[in-house]
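Structure first, then comments.
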Amino acid sequence: MRDKSAYTLAALGAIVLVRNLYLIFMVMPDEAAQGMIYRLLYFHVPAWWTAFLAVGLSAIFSGLYLATRNLRYDALAVSVTEVALVFLTMGITLGSIWGRITWGVWWAWDARLTSALICVLLYAGYLMLRRSIEEPGQRARISAVFSLFAILDVPIVWFSIRWWRTQHPQPMQLPPEMWHTLLWNWFGMALLTAALALIRFDQEEAQRKVQSMRHLPQLAYRD
Amino acid sequence: MDSRNFAFMFYGFTAAWLIVFVYVLTLVRRGSRIRAELKRHEALLERRI
């Protein structure tokens, strides 16, 4: 049942994203100063929004785990965090490629880019941390605390362009048709995120089942 | 259509889809590894009970 929902969401997400590719390349007007490179914006911005949505959910699930000690919340937290890291990587990669053309450099150590890189490293660290702890309860507890710590970077990334002078552009006034495409792309990415997180959640639960079977006395002396 | 900077736009879109594709591949591989391990454990348990 969960598999079916995941595949349905993935198919819907794929349809929305392919339809958006048509909009981005065939319908959206050209940008006078940047040429074609500005079209990366339609993936760069929604990728960050999607990643922030996912890490926000991860923090909520982590908090719920700490409150209830139910390992299902831990499984949900790791599932959405892993998918979030995909979109964080996408966002930072696209930003860097856009910057190479617009600023003439691949990277600038301004507040927005630096805090965004820290965000990527924090969530990569979260996943590495989990791999280093064997005992499920301890792993869930430490990961949940780490996730609640990592989420503190998100408002810094979000507001950095208002708090400091940055190379990264300030929020822009966009024409309605550009907003429309951006929001539809976000919707497509959110559907894809839900699908991937559901698949990952199933795997996490199956992995937990395997681990608990390993500790059964009947399997204690296998191999 | 204004085709300036087409190459970098192409790199960007390729990178974006490649990142998703690589992640989906790792999910598929991990899924089949876990399923195989679960089957192996279940078979072993059945034999030992």
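The values are calculated or read from the model by the stated rules, or taken from the named source; none is laboratory data. Values in this document were obtained by computation on a predicted structure and should not be read as measured data. Counting neighbours? That spans all protein chains shown, and the Cβs are built from the backbone with ideal geometry, glycine included. For accessibility, only protein heavy atoms count, side chains too; no ligands or nucleic acids. Shrake-Rupley method; radii C 1.70, N 1.55, O 1.52, S 1.80 Å.
List, in order, the whole-Hz ³J(HN,Hα) value for each residue of the stretch A:53-65 obtained from phi through the Karplus relation with A = 6.51, B = -1.76, C = 1.60 and θ = phi - 60°; use x for Gly and Pro.
4, 5, 5, x, 4, 4, 5, 5, 5, 5, x, 5, 5
Place a +1 charge on the Cβ of each Lys and Arg in chain A and a -1 charge on the Cβ of each Asp and Glu, then give the dipole magnitude about the Cα centre in debye, rounded to the nearest 20.
400 debye
Over the stretch A:36-124, calculate the relative contact order: mean separation of alpha carbon pairs under 8 Å at least 6 apart, over the residue count, as a percent.
Relative contact order here is 32 percent.
Give, as a single signed number, the net charge of other residues whose beta carbon lies under 11 Å from the beta carbon of B:T26, with Lys and Arg counted +1 and Asp and Glu -1.
+3
Summing Lys, Arg as +1 and Asp, Glu as -1, what charge do residues with Cβ under 13 Å from the Cβ of A:Q167 carry, A:Q167 excluded?
+2
With a Förster radius of 41 Å, plug the Cβ-Cβ distance of A:H180 and B:F21 into 1/(1 + (r/R0)^6) and report the FRET value to the nearest 0.05. Walk me through the numbers on the way to the answer.
On the way: r = 27 Å, r/R0 = 0.65.
Using R0 = 41 Å, I get an efficiency of 0.95.
Quantify, in whole percent, the carbon and sulfur part of the accessible surface of the protein assembly as shown (1.4 Å probe; protein heavy atoms only). Before the final figure, lay out the partial values.
Values: 9720 of 14370 Å².
Taking all protein chains in place, the protein assembly as shown shows 68 percent carbon and sulfur surface.
With a point put 7 Å past each Cα toward its Cβ, work out how far A:Q170 is from A:D3 in nm, to one decimal.
5.3 nm
From the phi of every residue in the stretch A:87-98, what ³J(HN,Hα) in whole Hz does the Karplus formula 6.51 cos²θ - 1.76 cosθ + 1.60 yield, where θ is phi - 60° and glycine or proline is x?
Going residue by residue, I get 6, 5, 5, 4, x, 6, 5, 5, x, 5, 5, 4 Hz, with x marking Gly and Pro.
Please list 3J(HN,Hα) in residue order for the stretch A:24-35, calculated via the Karplus relation 6.51 cos²θ - 1.76 cosθ + 1.60 where θ = phi - 60°; whole Hz, with x for glycine and proline.
5, 8, 10, 10, 5, x, 6, 9, 4, 8, 9, x
Any residues in the stretch A:171-212 that have 20 Å² or more less accessible area with all protein chains than in their chain alone, probe 1.4 Å, and which are they?
A:L192, A:L196, A:R200, A:Q203, A:A206, A:Q207, A:K209, A:V210
How many square angstrom of accessible surface are buried between A and B, both sides summed, with a 1.4 Å probe and rounding to 100?
3500 Å²
Please give the calculated 222 nm ellipticity per residue for the protein assembly as shown, where each DSSP H segment of at least 4 residues contributes -39500 (n - 2.57) and the sum is spread over every residue; nearest 500 deg cm²/dmol? Intermediate results must be reported in sequence, preceding the final value.
Values: 8 runs with 211 residues, N = 272.
The helix-only estimate for the protein assembly as shown comes to -27500 deg cm²/dmol at 222 nm.
In Å², what does the accessible area per residue of the stretch A:1-99 work out to with a 1.4 Å probe?
With all protein chains present, the stretch A:1-99 gives 39 Å² per residue.
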